[in-house]
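Enquirer: I am attaching a structure below and will ask some questions about it afterwards.
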Amino acid sequence: MPVAGIDVGSQTTKVVILNDGQVVGQSVMVSAEEAETGARKALDEALQQAGLALSDLTTIVATGAGRKDVSFAQKQKTSLSCLAKGINRLLPAVRTLIDVGAESSTVIRINEKGGVDDSIGHDRCASGTGAFLESMAKLMQMPLPEMGQESLKAQRRAEVSSMCAIFAEQEVISHVHRVPPTPKADIIAGIHGSMAVRIVGLAKRIGVKPEIALTGGVARNVGFARVIEEELKQKVVVPDNPQIVAALGAARIAQEEGGKQ
Amino acid sequence: MEANYGYSDGSGDYFIIVDTDKCNGCGDCVTACPERVFEVAPDDYGKKVALVKESVASKVSYVCPGYKPCSANVETTCHTACKMGAISHTW
Amino acid sequence: MLFMGIDIGSRGAKGVVIEDNQIATAFIGDTGPESVKTSEMVRDNMLAKLGMDMSKITYTMATGYGRVLVPFAAENVSEISAHAKGAHWYFPSVRTILDMGGQDCKAINVNDKGQVTKFIMNDKCAGGTGRFLELIASVLGLRLEDIGQTSLESKKNFPFNTVCAVFAKSEAISLMKKGTPKSDILAGLHDAIAVRCYNLLKRVNIEKDFTITGGIAKNQGMVAKIKEKLGMEPVLAPDPQIMGALGASLFARERYMAKQNAAPAS
Ligand code: SF4
Ligand code: SF4
C-alpha cells in the first residue's frame, strides 16, 4: 500500500513514496513561500514518478521545520525520529547521524531499532549550517555545488577561526585581499574546516559512536564530508541521496503506523 | 572578581566562570583540563589567577564539551581539581 | 604630567591623553588592517593636536583587541578593566556598565574604587553588536547614524524571533519585500538586540548607576530600548566611545605612580 513522507525544510521540500516497502517515487524541490503549496508540488512530482494519484496514498506523514503547515498530512513527526528511521533503513549499522541542513544541524545517536537515544541540535545560529556555506559561496563568487570539489585541491586549510558566520566572512575577505591572496581552495577548505569544528564540537557533547553517517543537503559537499572525517578522526559514510533521509523516515513511519492517531 | 568567559549565541549560553576572589593561582585546573582551556596569569590588578585562554574564550563550547559530558569521560575535571571551588560552567 | 591611553578596537581606534586629571585631548579613527600603523596614527593625531612630541608623554598604556600590537605602549590592560576605570572616572557612582562595541558586547560590575567585580563578554556572536546594526543599515539602505532615529518613528515593533545576525538579515530582507515599513523592522531589530544586552546584564548585578559605553551608546533608538528593558535611566558620558582609551590612560597614570613609589628615592 502506497504511503508518502514529506520533509518540509527551510529551503527544500523532499518527498519519498513507498509502496510495499519499496521506494517508487521521490522528489526534491525548492520550498515555496507557502509550505503547503511547495509540499503539494513536490508530492505531485513524486506521485507522477510512481504512476500514482493522491487518492492512492493511504497515509502521508510530514516532517521538517514546516511540517505543521501541511494540512493534507495525517501525521506530523519530528525530524529527529524521521532521520533516525530513514538512516536505519539505508545504513542499519549507523549509530551516530550528523545531519546538516540549510538552517540547522543535528547530531543523533541511534539504537539498533532505529530509535533515538540522544540528540543535540543547533538551529538558531547560522554558523554550522548550510546558510553559512551559502553566504561563503556568494563571497567567494563560486556556485555552491562547486565548493566541495574545489576544496579538495587545497594544500592546507586557511585559518577561519571565528565561530560566527558574520565574523568569519570578514576573515575570508581578508584572505582574499591578502598579498599574495590565499589560494581559493585553501580558503574553502578553511571554511569547511571551521564549520566541521562547530559540528564535531556539538557531536562530542552527546558522544560519537561508530558507524557515523552524514546527511542533509550539505552532505553532498565532498569537501565538507572529508573535513568532518578529519575532525572526528573516524570514517563517515554518506548515503546516496543524503537529502531525502528524513522524508524516507517519514514514509517508513507512515507505513508502520498508518494514519491512525 | 567573577569572570565569565564565553558567549551566548543563537543556540544557548556557554560560559566558564572563574571566581578570582576564590582562586589562589595554584594552576591545578590548568593541568587537569584535557582540552587545555585555562592558564594562570596576573589580572589587571596584579593578582595571579586562572583565566580562560583568549584563543579559547571565543569558541569555548567547541573546545570544552560542557561540564557533564567532560566529567563522564575524565577522572579529574577543572571543578574537582580546584580545591577552592572557583570554577563553574553554565552548560 | 601627561599619560596616554590607546584603545585599538576591532572597528574603531581611540586615544586619550590626560593631564592633571583632565582630558587634554582625544581622538577617534578607524582601525586599519595593520594595528601597529593604526596605533601610530592615533598617537600622531593626538600629539599634533597637543603640539607636542612623544617625549612629553610620561607613560602610555594600550587596551582593546589589538592592545599587544601597540609598539610604543609600556603595558596593556584588558578592555574590561579599562572600561570600568574610564566609566568610574566619569561617574564614580556607576556600578553597572554595558559596553556595546563594534564586534562585542560586555556587561561589567564596578566597585567604588573603579575595579571590576564581575564581568561577562560576548564577542563570538555578531547578533547584538555594532556589526549587526551596520549590516542592517546597509540592507535597508540607510546610514548607520540614522537607524536609531528611524527606529523611534515606528508605530509597532516587528518581533524578530532570532538573535542570529545572519537569519535576522534574511528575515529583514523578506519583510522589506513585503512592504513592512523600515522603521518597524528597525524597531524590532533594536528590540532584539536590547533583549540580548539585557540577558547579558542579568548575568551580572544590575545596580544603579548604570551607564552605556561604546559607539552604540550614541544610537538613541538603542538607548531607549535598553532603558525600557531595564527600567533604569542610564547616565551617559558625552563621548562614550573613548571610555576604554580613557581608562587605559588612567591605568598608565596609576601604574607609573606605583612604580615611582616603589622605586627607592634617589
Ligand atoms: S569541563 Fe573539562 S574540558 Fe571543560 S574546562 Fe573543565 S576540565 Fe576542561
Ligand atoms: S554567532 Fe553569528 S551566526 Fe551564530 S547566531 Fe550569532 S550572528 Fe548568527
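Enquirer: Angle check, please: helix C:182-202 long axis (alpha carbons) against the longest principal axis of chain C (alpha carbons), in degrees 0 to 90, nearest 10.
Expert: Roughly 50 degrees between the two axes.
Enquirer: May I ask you to list the GluC sites (Glu not before Pro) in region C:147-227 that are in a DSSP loop and have at most 14 other Cβ atoms within 10 Å of their Cβ? Write out the running numbers ahead of the final one.
Expert: On the way: sites: C:GLU153, C:GLU171, C:GLU207; in loops: C:GLU153, C:GLU207.
Listed in order of number, the matching sites are C:GLU153, C:GLU207.
Enquirer: Looking at region C:94-236, send over the antiparallel percent of its DSSP beta bridges, to the nearest 5.
Expert: Numbers: 11 of 16 bridges.
If we restrict to bridges inside region C:94-236, about 70 percent are antiparallel.
Enquirer: Based only on Cα atoms, what Rg/Rh ratio does region A:92-238 have, Rh being taken as Kirkwood's radius?
Expert: Details: Rg = 15.1 Å, Rh = 15.3 Å.
Here the Rg-to-Rh quotient is 0.99.
Enquirer: Have a look at C:PHE160, C:LEU201, C:CYS125 and report the one farthest towards the positive end of the charge dipole of chain C, computed about the Cα centre with Cβ charges (Lys/Arg +1, Asp/Glu -1).
Expert: C:PHE160
Enquirer: Does chain B come out rounded, prolate or oblate by the C-alpha gyration tensor, with a ≥ b ≥ c the root eigenvalues, rounded set by a/c under 1.5 and, if not, prolate when a/b is larger than b/c and oblate if not?
Expert: Oblate is the answer for chain B, as a/c is 1.5 or above yet b/c matches or exceeds a/b.
Enquirer: So, one more: State to the nearest 20 debye the size of the charge dipole of the protein assembly as shown about its Cα centre, where the only charges are +1 on K and R beta carbons and -1 on D and E beta carbons.
Expert: On the way: 69 positive and 68 negative charges, 99 e Å.
Rounded to the nearest 20 debye, it is 480 debye.
Enquirer: Report the local net charge at C:TYR59: Lys and Arg +1, Asp and Glu -1, summed over other residues whose C-beta lies under 14 Å from its C-beta. Intermediate results must be reported in sequence, preceding the final value.
Expert: On the way: positive: C:ARG43, C:LYS56, C:ARG253, C:ARG255, C:LYS259; negative: C:GLU19, C:GLU75, C:GLU254.
The answer is +2.
Enquirer: Would you list the P(r) distribution for region C:94-236, with all Cα-Cα distances sorted into 10 Å bins from 0 and each bin expressed as a whole %?
Expert: 12, 45, 30, 10, 2, 0
Enquirer: Heavy atoms only, probe 1.4 Å: what % of the accessible area of region A:92-238 goes to carbon and sulfur, would you let me know? List each step's numbers first, then the result.
Expert: On the way: 3180 of 6120 Å².
For region A:92-238, the apolar C and S fraction of the accessible surface comes to 52 percent.
Enquirer: Of all alpha-carbon pairs in chain A, indicate the percentage at a distance above 25 angstrom.
Expert: When all Cα pairs of chain A are counted, 44 percent exceed 25 Å.
Enquirer: Follow-up. Relative to the longest principal axis of the C-alpha atoms of chain C, give the angle of the C-alpha long axis of helix C:165-177, reported between 0 and 90° and rounded to the nearest 10°.
Expert: Tilt of helix C:165-177: around 40 degrees.
Enquirer: Let me ask you something else. As I understand it, the value is the acute angle between the Cα axis of helix C:79-90 and the longest principal axis of the Cα atoms of chain C; what does it come to in degrees, rounded to 10?
Expert: The angle comes out at about 80 degrees.
Enquirer: Let me ask something else about it. Under the rule that an exposed site lies in a DSSP loop and has at most 12 other Cβ atoms within 10 Å, name the longest stretch of chain C with no trypsin sites (Lys or Arg not before Pro) of that kind, not counting the sites themselves. Walk me through the numbers before you get to the answer.
Expert: Numbers: sites that count: C:LYS113, C:ARG143, C:LYS155, C:LYS156, C:LYS178, C:LYS208.
After excluding every exposed loop site, the longest remaining stretch is C:1-112.
Enquirer: At each listed q (0.09 Å⁻¹), what is the log10 of I(q)/I(0) that the Debye formula gives for the protein assembly as shown modelled as equal alpha-carbon point scatterers?
Expert: With one equal scatterer per Cα and no solvent, log10 I(q)/I(0) is -0.80.
Enquirer: Also, quick follow-up: Pairs A:LYS204/C:LYS169; C:LYS14/C:LYS218; A:LYS138/A:LYS233; A:LYS77/A:LYS113; B:LYS53/C:LYS106; A:LYS204/B:LYS59: which are spaced more than 21 Å apart, C-alpha to C-alpha? Please list the in-between numbers first.
Expert: Numbers: A:LYS204/C:LYS169 30 Å; C:LYS14/C:LYS218 16 Å; A:LYS138/A:LYS233 30 Å; A:LYS77/A:LYS113 17 Å; B:LYS53/C:LYS106 17 Å; A:LYS204/B:LYS59 14 Å.
Beyond 21 Å between Cα atoms: A:LYS204/C:LYS169; A:LYS138/A:LYS233.
Enquirer: If you find the alpha carbon centre of region A:30-57 and of region A:144-166, how far apart are they in angstrom?
Expert: 36 Å
Enquirer: OK, next. Over the Cα atoms of chain C, each weighted equally, I'd like the Debye log10 I(q)/I(0) at q = 0.08 Å⁻¹, rounded to two decimals.
Expert: The Debye formula, applied to the Cα set alone, gives -0.34.
Enquirer: Need one value for B:55-63: mean number of C-beta atoms belonging to other chains within 10 Å of its residues' C-beta atoms. Mind showing how you got there, number by number?
Expert: Details: counts 1, 0, 3, 11, 8, 3, 6, 13, 3.
If you average over the peptide's residues, the count of other-chain Cβ atoms is 5.
Enquirer: What's the magnitude of the charge dipole for chain A around its Cα centre, counting Lys and Arg as +1 and Asp and Glu as -1 at the beta-carbon? Answer in Debye, nearest 20.
Expert: Numbers: 29 positive and 29 negative charges, 126 e Å.
For chain A, the charge dipole is close to 600 debye.
Enquirer: Give the accessible surface of the protein assembly as shown per residue, rounded to a whole number of Å², with probe radius 1.4 Å and ligands, DNA and RNA excluded.
Expert: Numbers: 26040 Å² over 618 residues.
Ligands and nucleic acids excluded, the result is 42 Å² per residue.
Enquirer: Got the relative contact order for chain C handy, in percent, Cα pairs under 8 Å and 6 or more residues apart? Could you put the intermediate results ahead of the total?
Expert: Numbers: 551 pairs, mean separation 63.6, N = 266.
Once divided by the residue count of chain C, the mean separation gives 24 percent.
Enquirer: In this model, which of C:LYS49/C:LYS124; A:LYS68/C:LYS225; C:LYS113/C:LYS259; B:LYS47/C:LYS124 are farther than 29 Å apart at the alpha-carbon?
Expert: On the way: C:LYS49/C:LYS124 36 Å; A:LYS68/C:LYS225 34 Å; C:LYS113/C:LYS259 19 Å; B:LYS47/C:LYS124 27 Å.
Over 29 Å apart, Cα to Cα: C:LYS49/C:LYS124; A:LYS68/C:LYS225.
Enquirer: For peptide C:191-201, compute the average count of partner chain beta-carbon atoms within 10 Å of each residue's beta-carbon.
Expert: 1
Enquirer: What helices does chain A have that are whole DSSP H segments, at least 27 Å long along their own axis by Cα, and with mean Kyte-Doolittle hydropathy of -1.0 or more? Can you show the working numbers first?
Expert: Details: long enough: A:184-206 (34 Å, 0.80).
For chain A, where a helix must reach 27 Å along its axis and average at least -1.0, the hits are A:184-206.
Enquirer: Explain nothing, just the number: dipole magnitude of region A:92-238 about its Cα centre with +1 on each Lys and Arg Cβ and -1 on each Asp and Glu Cβ, in debye rounded to the nearest 20. List each step's numbers first, then the result.
Expert: Working: 18 positive and 17 negative charges, 59 e Å.
Dipole about the Cα centre, nearest 20: 280 debye.
The values are calculated or read from the model by the stated rules, or taken from the named source; none is laboratory data. Remember, predicted model here, so these are calculated numbers, not experimental data. Quick reminder, even Gly has a Cβ in these numbers, built from the backbone with ideal geometry, and neighbours come from all protein chains shown. For accessibility, only protein heavy atoms count, side chains too; no ligands or nucleic acids. Shrake-Rupley method; radii C 1.70, N 1.55, O 1.52, S 1.80 Å.
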